Structures are given as structure tokens and as C-alpha cells.
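Have a look at the structure below, then the notes.
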Amino acid sequence: MKILFLILCFLQNSYSQINCEEIRRDPKILLIYETTASEARNDPMADLALWKSFQMKFSEKLPALFGDRSVMNENQSVRRIGLEEKEKILKCFHGENFELKRHTENKKEERIPLLDKDDAKRIDNLFHQLIEEQKKGEGKQSLELIEAGLKSIEKFNEENHPDSLSCLPDLPGVESKVNPLKKKDFQQMFQKVICRSGIKPKVGEPHQWNSEFLKGRINPPFSKLLVALANGDTRRIMPTGHEDKLSDWILKQETRSLSIHEMFHKAYELSEGNVYDAFLTIENVLSENFYLGGPNREKLTVSTKLEKIINHTGGEFDLFGPWYHLFGMLLYGYADGSGFKATLMGKIEMGTALFYNEYNDKQESFMIAGGGVGAKLRRQIKKIKNDDDFKKFCEGLSSEIDSTDYLNIQTELPKKIRLKKKK
């Protein structure tokens, strides 16, 4: 009955026709409630919405474990309602002047761009090589499986221009076991970005549970940031106010051109040197697309702008996932100051994803290293008290930054691979 009521509310054409009293009483509203940047640190209802959503998310996963996904699907349908309908509902809490930014350019694309333009050629060569090995009796793969893969590659090449970046859903993919992150250089990259900007860094203050929310209840056993990250809710509960400008900037970039250091540089400038806000702003933009795109998040225009940061060739990949989890780990490690705790939480999250039979992103295990990098960066930033400290922080660092400095991205396929049949 509640869901029916919500649907009826969404179909209304004007704010005046919505019964705000009924909306405020509906617990499902907590799944879509979001606060404003000016109220983010002093909004008890935002904390309530976050904590109740976390409890709902946990309770919906238990029946899903045994095959009943009805509650999960029902809650997801509420979370993914359109911006126009969501805005009408949120006016009940924030007033008629409340507006949600609409990124009309951020839409679901017809196809997913390849990670780079040579992917199709590489994987085409791979399958020809496997067939030759099979003929010589050197290969251990099924010839039928190899020929099926080659057929899909030939289909791809026939239907697309040789320089096209479009990726067909059935294009086979190969994931490497090589770690794409050069941890030490990855750490130094953030230092270089900060120094190149010329803006003296500020540590920033992580969000805490609101005192009004905590009155009369047992304190949640987890930090507010950790719960928000686990929920994918940082955007709606912890907005910085810079998200729209960052999204607008991302949408202007070329396909598969946006690097990690360029993303951080822009967010750092928008945040005026507040490192915590910079990481949070990036995570907020990505978490917004987490719910907006759903299972097709890789097709969103914002996702197609992101540069390759994983060692994976061909199709069947989700580049959004590694970006999203990497910045989530960077943010949590930086805010908490403990690389160990961040790494532990990352491994727990991976374990629960397997337990609930959820999709694991390509090379996700390597993205956990972001927690330690964030924690170390915080320790460095805390030592900067004045201009002399900042100068010392930047001493001897080059202003030149390239993705190859901190990413170990393979240009060749591994010599030995193991193909898996599609489920």
C-alpha cells in the first residue's frame, strides 16, 4: 500500500498536489531523502535517513541470500526514481525553492567505449594465437570456446569502423593478474597535484553523527562516513556543494581521457585546498551515478569519460567500479587515518559481495590499496602548519604528472590465459 501511495505521489504534476504530511510519515522516503550542502553537518533527519537506510539494506540482503530479492528490488525501485519526482518530494522537507541539478548530458549511452582503441585488435590476435596453439596441441582451451570468441571478434570488426571505440556486449574480455597501481608513486602523485596547484592544503574535518540524532538512542557502532560509504549514500547525506561543478567539468572531457590526477586536481581546486572535501566531492559524484545508472552505470556519459586504470582487455568489464571503490578507499583511509582499518573494511566488503553473490568489479582487490595511501597522505598534510612546511612538503617534486607515473597498465596481453564460458 505504501509503494502504491508513493507511485501515486510521483505521478502528480505539481508540488501543491503532493500531500507532504503523508510523505513525511512514510519510512520509504528515508531511502531517497537528501540534505543540502549548507545543512549537511547539522541535519538530524539526514543521519536518521542514513542509519535507517543502512538497516534496510542489511535486512534486504538476508532474504536475497536465499533467493528472495523482492524486498531488494522494491527498495531499489524507490532509490532510482527520477530526479523530477524526487525533487517534488524533497520540497516537502526543504521548501519550494529546493532544486536538484539535472545533468541532461549525463545519459545512458548506446554502447560502452572500449578501454582503449587497441583492445579489439589485441584480443583478435589473442584468439588467432590460441587457435594455432590448439592445432599444435600446445593449448589447453576448448577449441569450440576459442572459435566462438573469435567469431564474436570478427563480428565486432565487421560491424564497426576500425577506429571505433564502441564495445559490443558479447565482446570477450581478459583480466590480468598484474596490479595496476604503483603504490609508492601513486602516493606521491597526490602530493605533486597539491604542490602544482599552489594551494596550501587543509586537512578537513570528517563528518560525525549529529548530536540531535544521537539523543535517546544507542550510538551506531560505525562511523557516519563508513555507513555512508557502505550504503553508497555519501552524495545525498554529505554533499560538499562542489558536485555539480565537478560533474559539469567531467562531461566536457573527451571519451576515456580523464585521469585520476586530473580528477583530483579539479576537485582540490573546487574545495580550495580542503583535501577531505576534495576526496568526498569525487566520491559523491561517483556515488550519484552508482544509483542513477544501476546495472548500466558503465553506460552513463560520466563513466565513459574515465581513463583506463585496470589491466583488462576487451569487453565484459565495469570501469566505473574500480574508480568508485578506489576513491571510496582513499576517502575512508584519509578520514580515519588508518590504512590497516581501511584495508580491513575493503576486504570485508569484497567478502560480503561474494557471500551475497553480487558482482565483483575487475581488479577490485588492488583498489583496496587506496586506503593506505589516503591514511599516509593525511599524516603528511597534518604536519603542514605554515608556508615553510608547505615548501618543505613540495621540495624536490616535479610538476610534471602522467598516468604512467603511477599506473602499471599493460599494453600486451598475458601469454597464458584461461577462458571462461559465460554463465
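The values are calculated or read from the model by the stated rules, or taken from the named source; none is laboratory data. The structure presented is a predicted model; accordingly, all values stated were derived computationally and were not measured. Positions of Cβ are generated from backbone atoms using ideal geometry, with glycine treated the same way; all protein chains shown enter the neighbour counts. All accessible areas refer to the heavy atoms of the entire protein, side chains included, with ligands and DNA or RNA removed. Shrake-Rupley method; radii C 1.70, N 1.55, O 1.52, S 1.80 Å.
Below, the figures for the structure above:
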read-out	value
Selection from region 263-286 of residues that are polar (S, T, N, Q) and part of a helix (DSSP H, G or I)	281, 284
Matching entry among 243, 205 (being surrounded by 15 or more Cβ atoms within 10 Å (Cβ to Cβ), among the acidic types (Asp, Glu) and closer than 22 Å to residue 374 by Cα)	243
Options 331, 319; residue that is in contact with a helix residue (DSSP H, G or I) (Cβ under 7 Å, 6 or more places away or on another chain), aliphatic (A, V, I, L, M) and at pLDDT 90 or above	331
Single residue of region 208-227 satisfying the filter (out of contact with any Pro (no Cβ under 8 Å at 6 or more places or on another chain) and of a type in the set (A, V, I, L, M)) that is most open to solvent (accessible area, probe 1.4 Å)	218
Filter result for residue 131 (modelled with pLDDT of 70 or more and in contact with a Pro (Cβ under 7 Å, 6 or more places away or on another chain))	no
Pairs where the first residue, in region 388-401, is more than 15 Å from residue 187 (Cβ to Cβ) and at pLDDT 95 or above and the second is part of a loop (DSSP other than H, G, I, E, B) and open to solvent by 100 Å² or more (accessible area, probe 1.4 Å), C-beta under 7 Å, 6+ apart	389/383
Boolean, residue 122 is under 30 Å from residue 301 (Cα atoms) and at pLDDT 70 or above	yes
Answer from 230, 267 - the residue that is closer than 18 Å to residue 324 by Cβ and either of a type in the set (Asp, Glu) or crowded, with 23+ Cβ neighbours inside 10 Å (or both)	267
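Yes/no matrix, rows are residues, columns are (1) open to solvent by less than 10 Å² (accessible area, probe 1.4 Å); (2) over 13 Å from the mean Cα position of the chain (by Cα):
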| position | (1), (2) |
| --- | --- |
| 297 | no, no |
| 300 | yes, no |
| 303 | yes, no |
| 306 | yes, no |
| 310 | yes, yes |
| 314 | yes, yes |
| 317 | no, yes |
| 324 | no, no |
| 334 | yes, yes |
